[in-house]
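Structure, as structure tokens:
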Amino acid sequence: MAGIQSLKIGVSGVRGVVGQSLTPQLVVGFAEAFGTYLDGGVVVIGRDPRPSGEMILNALVGGLLSTGCSVIDIGVCPTPTMQHAVVDLGADGGIAVTASHHPAAWNALKFCREDGIFLNQHQAEELLNVYHQGAFVQRPHDALGRMGHDEGAINRHLTKVLYSADLDAISSLAPKVVIDSVNGAGADCAEGLLQKMGCEVIAINDVPNGRFPREPEPIAENLGQLCEAVREHGADLGLAQDADGDRLAIVSEEGEAIGEEYTLAFACDVMAETRKGPLVTNLSTSRMIDEVGERHGCEVVRSKVGEVNVVETMLAVDAIGGGEGNGGVIDPNLHYCRDNLAAMALILGGMARRGITITEWKRTFRPSAIVKEKLPCSAGMIGRAILALQRHYEGQTLDLTEGVKAFFDGDAWVHARPSNTEPIIRVVAEADDHATARWLADEAVQVAAQAIEG
Amino acid sequence: MSSLSAEASRPLKITIGGVRGVVGETLTPDLLVNFSQAFGTWVGGGRVLISRDTRPSGRMVAHCVTSGLIATGCEVVDLGICPTAALQLAVRQSEAVGGIAITAGHNNARWNALKFCRDDGIYLNPRQAQELLNVYHQREFAKAPWNKLAPVGRDDAAGERHLEAVREQLDVDAIRAAGLKIAVDCTNGACSRFTPRFLADLGCEVVAINDDPELPFPHEPRPTPPNLSQLRALVSAAEADAGFAHDADGDRLGIVTEAGEAPGEEYTLCLAAEMVLGRGDPGPVVTNLSTSMAVEDVASKYGREVIRTGVGQVFISEAAVDHGAAIAGEGSGGIVFPRINYAHDSIAALGHIVNLMAERDRPISELIAEIPRYTIVKREVVCPPQRAYSALEELRRGIDAPWVTETNLDDGVKLIGEDRWVHIRVSMTEPRIRVIAEAAAEGLAIDLAEEYVRRANRLL
């Protein structure tokens, strides 16, 4: 059972537990499938610092070279750095070796196309078909791919972020920042970026060795050490990265983990200051983005959950900014990827220009409480559960783009949808106060559970 | 004709000698990660050294092997491109539990292979190889958890340490004083970066060709006379004292005399033995059943016994250990110097023959002329793998030759007479039956070989 549940092959990539399901055979198979799918060309590979990264990297390189693809290894780096590098190097695709916010025993492959954006659902399905058919391209000995290394990808990425940052404002404020890099991919580069932007930096968990001192997901409950450090050092704010440098969470000057939803709200508040056009986020993200839209007079467009869904909607509507409520900020002026370095630049610049503290900035938003729940649900029961929720919320305003999203008085809402990666239904509810949000989430879970039990 | 059946069989050999296949056809990443995981499982974790020759597929293979070994909990140390003998020495001298050489030796560039060696630097013997194959076929490989995976190490100095180990066995002063001019053809293989420098350090004037590891093999990487025309021309043009040719991974050595002649790789062992026995290294000479009787002549000159084994490097190495041999080797030009290591080592062979030339102060053609001259004829018959052993058995039953005084069945069939012998055996590496015949008279050797090729073809 553990063996079965420890492998996820889906449209968001391949994820498994090292020493169980994520074997060299599986990885070379997917590398050959991706090389076959691309039909040759250059593939950029970046990885987070998990100890299993080198095993997976080697299997990927072997598989890709055999299909005639050449590989540029950019080493340990944030996932957005890899996405930038694909574009910068004119590559034909990229692979991020990272299980992102999942525990250290996991690792995963995320495939990205020549525009530095992850495969969308249709492309991912094509790749899976190639993998399952197993008829991979095999090039003869004199037509194999070549292997190269690029040590410059992180610096190019940092340079772009620095170029976009309001360095005058940030350096004149010179905020004291505690950064918790969870010993992940963002460790060295985040510290360097913050220093270059003129911050006083205190770094914790800043050795990129993949030995995570906390769960790498930057949610409030995992940030106790950071909150304490912010208080201890009297810092202006704390920043928490995940393992692969795409998501960011903020701790206030009071040492409070304000919740990862505020990351996107603040970043969008900043992007909408000077740019004209729509904002894009997913259906499960806080209504604070709608407040930002009202504040700056921009439309907010909602997509299905998943980075590539947000990105493709952003491209379709020519968005000025976007991202996901889990702390993943996308600044299209830099690249269409979730990037916590870009988020740091935006938020520090906005804070400096506003001349306010994190707590004060938080208070510019209407009080909001978000409750996230999940419910195990076998694949066969998902349709039934979603239908029951639709019936239950009949009469409310509904959005049926992905699962069921129901809206209530006082701008409260609940969103229930099947997970893309696990056999569960995810429920997110938001209201002015925690009790209402909790009640809404519990109600949805109960309705779904009853439907599943029959 | 017969080539049809060879093409019809898939170019893959999984044998006790390792795994050998054609890149782009049978030697797939999947096969490679499976075999390396099988090896990692078989050694039970620990440090494993890997090396490769210069084939363009080497990198692809090395990455697959590295991944598979790491996954089983092995610590991989990558020696990069170096002679297989350097890998074997490094394994023996270190705490490593084994090694994998990524090389198809003398096979052409389409091929590549994994050769597995154990903690003493010797290739797996048949029993050990059988165990490895059982692990491979069972497909239940060791899987180390994430926090037991070791980072990959590098060791760029193994090639240099090997040269040093060879140098220590030579009379460097004598070689220096001789001021020899040596031509060398490295076939753009694993010795390219090593041999020219090694010779120069011995005070030789070096004329090197095909010493760029980035370039493809200029000819088949087998140092047999048909592949030595370039070197022969070079020796003549440069008026060198001798020419030497490596194979792709530095286990076999071919010779060209100062007259520009290629006497055949059988002389490599005889000359090296002349050096080693002449300086008084104790012990017998070990060689295989397919090697020239000239070895007996050299050995008896020094009152030594010759021990014959089946064909295969591991048989030579293990017999050399067991019998405390002074020297061991094969007529294919692969020589073992027990004072260095129990590995086939073409750089060591080259060093010892240069040492012999310097010490005896005579042209290499004269040193060769002193060795009784036999004609050895090597033929092969393409044979589908499923027929190899049965055909050999049928052949054996049909034999009734009056000249035969002894029949040896240790490895195929060897018929031995007073003045001639013929050895018919199944190749370990290719779907072929090999026929090797030797006699003092050239016509007799050719007739003998042709006769048994005809017999084999008739059966097939």
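The orientation-averaged projected area of the convex hull spanned by the Cα atoms of the stretch B:3-160 comes to 9.1 nm². Look at where the Cα atoms of the stretch A:360-402 and of the stretch A:102-180 average out, and the two centres are 31 Å apart. Taking the DSSP beta bridges with both ends in chain A, the antiparallel portion is around 60 percent.
Shielding by partners for peptide B:68-78, expressed as the average number of C-beta atoms from other protein chains within 10 Å of each residue's C-beta, is 4. In units of the rule-of-thumb radius 2.2 N^0.38 Å, the stretch A:81-128 shows an alpha carbon radius of gyration of 1.21. Binning the alpha carbon pair distances of chain A at 20 angstrom intervals from zero yields the distribution 25, 58, 17, 0, expressed in whole percent.
If N is the number of residues in the stretch A:156-363, what value comes out of its Cα radius of gyration divided by 2.2 N^0.38 Å? Mind dumping the intermediate values first?
On the way: Rg = 15.5 Å, N = 208, 2.2 N^0.38 = 16.7 Å.
My calculation over the Cα atoms of the stretch A:156-363 gives 0.93.
Quick one: grab the alpha carbon gyration tensor of the stretch B:375-459, order the square roots of its eigenvalues as a ≥ b ≥ c, and give me rounded if a/c is under 1.5, else prolate or oblate depending on whether a/b is larger than b/c. It comes out prolate by the Cα gyration axes.
Counting Cβ atoms of other protein chains within 10 Å of each Cβ in A:44-54 and taking the mean gives 3.
Taking R0 as 45 Å, what FRET efficiency do you get between B:TYR302 and B:GLU239 from their Cβ-Cβ distance, rounded to the nearest 0.05?
On the way: r = 33 Å, r/R0 = 0.73.
After rounding, the FRET efficiency stands at 0.85.
Scattering from the protein assembly as shown was approximated by placing one identical point on each alpha carbon and applying the Debye formula without solvent; log10 I(q)/I(0) at 0.04, 0.06, 0.07 1/Å stands at -0.26, -0.53, -0.67.
Rounded to whole Å, the principal axis extents of the Cα atoms in chain B read 64, 57, 39, largest first. Inter-chain neighbour count for B:31-37: the average number of beta-carbon atoms from partner chains within 10 Å of each residue's beta-carbon is 4.
For the peptides B:114-124, B:45-55, residues were scored by their other Cβ atoms within 10 Å and the scores averaged per peptide; the highest-first order is B:45-55, B:114-124.
Take the Cα of A:ASP432, step 7 Å toward its Cβ, do the same at B:LEU12, and the gap between the two points is 7.0 nm. Where a Cα-Cα gap under 30 Å defines reach, which lysines qualify for A:LYS276, not counting those fewer than 8 residues away within the same chain? Candidates past the 8-residue exclusion: A:LYS160, A:LYS196, A:LYS304, A:LYS362, A:LYS405.
What shape does the stretch A:2-151 have by the C-alpha gyration tensor, where a ≥ b ≥ c are the square roots of the eigenvalues, rounded means a/c under 1.5, and otherwise prolate means a/b greater than b/c and oblate the rest?
On the way: a/c = 1.42, a/b = 1.18, b/c = 1.20.
Taking the square roots of the gyration eigenvalues as a ≥ b ≥ c, the stretch A:2-151 is rounded.
Can you give the helix-only mean residue ellipticity at 222 nm for the protein assembly as shown, where every DSSP H stretch with n ≥ 4 adds -39500 (n - 2.57) and the sum goes over all residues, rounded to the nearest 500 deg cm²/dmol?
Numbers: 32 runs with 354 residues, N = 914.
It lands at -11500 deg cm²/dmol.
Taken along its three principal axes, the alpha carbon spread of the stretch A:180-296 comes to 40, 30, 25 Å, from the longest extent down to the shortest. Using the Stokes-Einstein relation with a Kirkwood hydrodynamic radius computed over Cα pairs, the translational diffusion coefficient of the stretch B:161-289 at 10 °C and a viscosity of 1.306 mPa s comes to 105 µm²/s.
Note on the protein assembly as shown: antiparallel DSSP beta bridges, both residues inside, total approximately 60 percent of the bridges counted.
Kirkwood hydrodynamic radius computed over the stretch A:329-454 comes to 16.6 Å, based on all pairs of distinct alpha carbons. Remark: spin-label model distance A:GLN450-A:VAL317 equals 3.5 nm, labels positioned 7 Å along the Cα→Cβ axis. Histogrammed with a bin width of 5 Å, the alpha carbon distances of the stretch B:110-162 distribute as 4, 12, 12, 18, 22, 20, 10, 2 percent, first bin at zero.
The modelled label-to-label distance for the pair B:GLU140/A:ASP39, using points 7 Å beyond Cα in the direction of Cβ, is 4.4 nm. A convex hull fitted around the alpha carbon atoms of the stretch B:177-369 yields 102 Å³ per residue.
Note down the magnitude of the dipole of the protein assembly as shown about its Cα centre, charges +1 on Lys and Arg C-beta and -1 on Asp and Glu C-beta and zero elsewhere, to the nearest 20 debye. Present the calculation step by step, with values, prior to reporting the outcome.
Working: 82 positive and 123 negative charges, 338 e Å.
Approximately 1620 debye in magnitude.
Strictly greater than 16 Å: what percent of every Cα pair in the stretch B:350-414 meets that? List each step's numbers first, then the result.
Numbers: 1433 of 2080 pairs.
Here the tail beyond 16 Å accounts for 69 percent of pairs.
Rolled with a 1.4 Å probe across the full set of protein chains, the surface gives A:PHE118 an accessible area near 30 Å².
I need the calculated FRET efficiency for the pair A:HIS149 and A:THR359, taking r as the beta carbon distance and R₀ as 41 Å, to the nearest 0.05. Please list the in-between numbers first.
Working: r = 45 Å, r/R0 = 1.10.
Once rounded, the FRET efficiency stands at 0.35.
Report note on the peptides B:296-307, A:424-435, A:53-64: ranked by the mean count of other C-beta atoms within 10 Å, highest first, their order is A:53-64, A:424-435, B:296-307.
The values are calculated or read from the model by the stated rules, or taken from the named source; none is laboratory data. The structure presented is a predicted model; accordingly, all values stated were derived computationally and were not measured. So basically every Cβ, Gly included, is an ideal-geometry build from the backbone, and we count neighbours across all protein chains shown. Side chains included, ligands, DNA and RNA excluded: accessible areas come from the protein's heavy atoms. Shrake-Rupley method; radii C 1.70, N 1.55, O 1.52, S 1.80 Å.
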